[in-house]
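The values are calculated or read from the model by the stated rules, or taken from the named source; none is laboratory data. Nothing here was measured: the structure is a model prediction, and the numbers come from that model. Glycine also receives a Cβ, built like all others from the backbone with ideal geometry; neighbour counts cover every protein chain displayed.
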Amino acid sequence: MRIATFNVNGIKARAQTVEDWLRDDAPDIAILQEIKSTDDAFPREVVEDAGYTLHTHGQKGFNGVAIATRVELDDVTRGLPGDDADEQARYMEATAIGNGGAVRICGLYLPNGNPAPGPKYDYKLAWMERLQARAEALLADEVPFLMTGDFNVLPADIDVARPQVMKDDALMLPPTRAAWRRLTNLGLTDAFRVRHPGQPGHYSFWDYQANAFDRNHGLRIDHVLLSPPMADRMTDCTIQSNMRARDRPSDHVPVWVTLDL
DNA sequence: ATGGTCGTTTAACGA
């Protein structure tokens, strides 16, 4: 089973890119973030014409997540538990059944949190606490799962081209990294980093400004976290960085994980 | 130190 996460930065602007990507690279399941669209306004044909079923959790103008799948999914849910007043569309779950068993797939667009400190940063840290609570609940229920998407977290200095420039940024401030460690310390595996230990220069995002991609001034902020039984079944994890060199690219590129399922 | 670029939606705001 091949699963890809992709922050598309606006599905209307990325419609052709996403359709071509699904046709050419054919993930079993694609986890999309920042669709920046309501459910009604999502150009469904770009996904459905490529042979995928679409599940959306949209919002007007900002945020918004979706799952496109060519395998059957059960029990699709929307929203991250823990705050009924939270109206931002950032989280979905669905269960996929493979030959080797089921996996609960958690797709997420974690708040950016800038500027920090401030209310947006407080919201980010509270959101991370809720995500940890969700991971704890899945572990307690012994549900094999993965959490994937745009985490807006730089786990370590190796994940950023210029750590000094970013030192006061919400993506890498100490409380952000502490929350990431509390989450991963539950026993979750950072799929890309465990497959590519100690290798700098691998990023999933490059700013549109200042020729960041050409200079490889990037950030590794799109992640796949695996619960223990899924970590045992992971056979590959790659970043599709050549997507950033296409015409009219998203500022993020897909991250792929292959599971023996 | 500032502005540099995109997308959504139309004057900012978010990233």
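Go through (1) under 16 Å from the mean Cα position of the chain (by Cα); (2) surrounded by 21 or more Cβ atoms within 10 Å (Cβ to Cβ); (3) more than 15 Å from DNA strand B (Cβ to nearest atom) and name the single condition A:ARG2 misses.
(2)
Here's the yes/no breakdown for (1) of a type in the set (Ser, Thr, Tyr); (2) surrounded by 17 or more Cβ atoms within 10 Å (Cβ to Cβ); (3) part of a strand (DSSP E or B); (4) away from DNA strand B (no atom under 16 Å from the Cβ):
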| site | (1), (2), (3), (4) |
| --- | --- |
| A:THR17 | yes, yes, no, no |
| A:ALA50 | no, yes, no, yes |
| A:THR56 | yes, yes, yes, no |
| A:VAL71 | no, no, no, yes |
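Go through (1) on the phi > 0 side of the Ramachandran plot; (2) within 16 Å of DNA strand B (Cβ to nearest atom); (3) part of a strand (DSSP E or B) for A:ALA66 and report which single condition fails.
Every listed condition holds for A:ALA66 apart from (1).
Taking A:VAL165 as meeting all but one of (1) away from DNA strand B (no atom under 12 Å from the Cβ); (2) free of Cβ contacts under 8 Å to residues at least 12 places away in the same chain; (3) under 22 Å from A:VAL253 (Cβ atoms), write down the number of the exception.
(1)
Identify the single condition in (1) more than 14 Å from DNA strand B (Cβ to nearest atom); (2) at pLDDT 95 or above that A:PRO119 does not satisfy, given that it satisfies every other one.
Of (1) more than 14 Å from DNA strand B (Cβ to nearest atom); (2) at pLDDT 95 or above, only one is false for A:PRO119: (1).
Conditions (1) touching a Cys at 6+ places or on another chain (Cβ under 8 Å); (2) among the hydroxyl-bearing types (Ser, Thr, Tyr), marked per residue:
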site: A:ASN152; (1), (2): no, no
site: A:MET172; (1), (2): no, no
site: A:ASN185; (1), (2): no, no
site: A:PRO200; (1), (2): no, no
site: A:VAL224; (1), (2): yes, no
site: A:PRO229; (1), (2): no, no
site: A:THR235; (1), (2): no, yes
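Exactly one of (1) over 23 Å from A:THR56 (Cβ atoms); (2) away from DNA strand B (no atom under 16 Å from the Cβ); (3) of a type in the set (A, V, I, L, M) is unmet by A:ALA94. Its number?
Single failed check for A:ALA94: (1).
Go through segment A:218-249 and give me each residue that's more than 30 Å from A:VAL143 (Cα to Cα), out of contact with any His (no Cβ under 9 Å at 6 or more places or on another chain) and outside any strand (DSSP E or B).
Matches in segment A:218-249: A:ASN242, A:ALA245, A:ARG246, A:ASP247, A:ARG248, A:PRO249.
Only one of A:SER227, A:SER204 is among the hydroxyl-bearing types (Ser, Thr, Tyr), touching a strand residue (DSSP E or B) at 6+ places or on another chain (Cβ under 8 Å) and within 16 Å of DNA strand B (Cβ to nearest atom). Can you tell me which? Outline the logic, then answer.
Working: A:SER227 fails: within 16 Å of DNA strand B (Cβ to nearest atom).
Unique residue meeting the criteria: A:SER204.
Using beta carbons and a limit of 9 Å, which pairs, at least six apart or on different chains, have the first residue in segment A:93-106 and on the phi < 0 side of the Ramachandran plot and the second one surrounded by 14 or more Cβ atoms within 10 Å (Cβ to Cβ) and of a type in the set (Asp, Glu)?
A:ALA96/A:ASP28; A:GLY98/A:ASP28; A:ARG104/A:GLU93; A:ILE105/A:GLU93; A:CYS106/A:GLU93
Going through segment A:168-181 one residue at a time, which ones are away from DNA strand B (no atom under 12 Å from the Cβ) and surrounded by 15 or more Cβ atoms within 10 Å (Cβ to Cβ)?
A:MET172, A:LEU173, A:PRO175, A:THR176, A:ARG177, A:ALA179, A:TRP180
Somewhere in segment A:135-147, is a residue aliphatic (A, V, I, L, M), within 13 Å of DNA strand B (Cβ to nearest atom) and assigned to a loop (DSSP other than H, G, I, E, B)?
Scanning segment A:135-147, I find no residue that is aliphatic (A, V, I, L, M), within 13 Å of DNA strand B (Cβ to nearest atom) and assigned to a loop (DSSP other than H, G, I, E, B), so the answer is no.
Residue-by-condition table, conditions (1) more than 16 Å from DNA strand B (Cβ to nearest atom); (2) touching a residue at least 24 places away in the same chain (Cβ under 8 Å); (3) not aromatic (Phe, Trp, Tyr):
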residue	(1), (2), (3)
A:THR184	yes, yes, yes
A:GLY187	yes, yes, yes
A:ASP214	no, no, yes
A:HIS217	no, yes, yes
A:ASP232	yes, no, yes
A:VAL253	no, yes, yes
